[in-house]
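Below is one structure; the comments refer to it alone.
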Amino acid sequence: GKQYLRFSPPLPHRAPSFSQVAADQQNRLWIGTWGHGLWRLDSLRKDWQQVALPADSRIQTLHQSTDQTLWVGTTQGLYQVDPDTMQATLWQPLAKQRIWQLAEQDNGTLWIATSKGLYQLVPSAANDSQWLRPDKFSNQEIRTVAIQGQQLLVGLSTHLLLVDVTRPDSVQQ
C-alpha cells in the first residue's frame, strides 16, 4: 500500500542539487537547492513555482516558524518568504552572512547561527533583534543552534556552549 512519486522541477532546471525540504500546513513542499534557488511544489505534487529570490541561491536551511512564516537561510543571508506572493525579503542585518541553522523559542524568537556569530531575531519587534556579543562567540562562525526550555545550545566548530536565554551574557562551556 505505498505509492512513490518521482518529480523534477521544470526545464531547464532538471538536475538541481537539493539541499533542504520543508512542508507547510497546506501540504505544499518548499524545496531548497544548492545553486538553483527555492521552489514550491503544490500539495498534488504537480505544479512547481520558483520563489522570487536570487535564482543561484544556495539554500543552507529552511525553517517554518509557528506563525507559518518560511525563513530561508542561504550562504548570502536570511530571507522571509510570503507564501501568497512568492516574494522573498532579505533580512538586512544578516545580508551577506552564511546562515547555518535556526531555532525557535515558544514565544516566536528565532536564534540564528551565522558565519559572524549568534543573532536573536524577534519577528514581532524587529527593533529588539540583535547580535549577541558574549566574547566566547562574538564574530565566530556558529554552525548549529538548538533550544530546549530556557537553554540555548550553541555549536562552534570546536566546542559547544550553553546559554541561558533569560540572561544571554551568561555563557557556559
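The values are calculated or read from the model by the stated rules, or taken from the named source; none is laboratory data. This one's a predicted model, so the numbers in the text were calculated from it and none came from an experiment. Remember, those area values only see protein heavy atoms, side chains included, never the ligands or the DNA or RNA. Shrake-Rupley method; radii C 1.70, N 1.55, O 1.52, S 1.80 Å.
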Review point. What number in nm² do you get for the chain if you take the convex hull of its Cα atoms and divide its surface by four?
Key: 11.5
Practice item. For the stretch 54-136, restrict the atom set to alpha-carbon positions and state the Rg and Dmax in Å. Key: 12.2, 41
Revision key, fill the gap. Along the stretch 61-73, Karplus-curve 3J(HN,Hα) (6.51, -1.76, 1.60; θ = phi - 60°) to the nearest Hz, with x for Gly and Pro, reads 7, 10, 9, 8, 6, 4, 8, 6, 7, 9, 9, 10, x
Revision key, fill the gap. Non-local residues with an amide H under 5 Å from the amide H of GLY77, with H modelled 1.01 Å from N and Pro and chain starts lacking one, are LYS96, GLN97, ILE99
Check your understanding: In square nanometres, what is the average projected area of the Cα convex hull of the stretch 13-108?
Key -> 6.0
**Study point:** Under 20 Å from LYS136, Cα to Cα: lysines that are on another chain or at least 8 residues apart
**Key:** LYS116
Check your understanding: Could you give the accessible area per residue of the chain, probe 1.4 Å, as a whole number in Å²?
Key -> 55
Study note, to complete from the structure: Excluding residues fewer than 8 positions from LYS96 in its own chain, the aspartates and glutamates with Cα under 15 Å of it are ASP56, GLU141
Revision key, fill the gap. Ranking SER19, SER129 from most to least accessible area with a 1.4 Å probe gives SER19, SER129
**Study point:** Whole-percent carbon and sulfur share, accessible surface of the stretch 40-98, 1.4 Å
**Key:** 44
Practice item. Any lysines with Cα under 27 Å of the LYS46 Cα? List them, leaving off those in the same chain fewer than 8 positions away. Key: LYS2
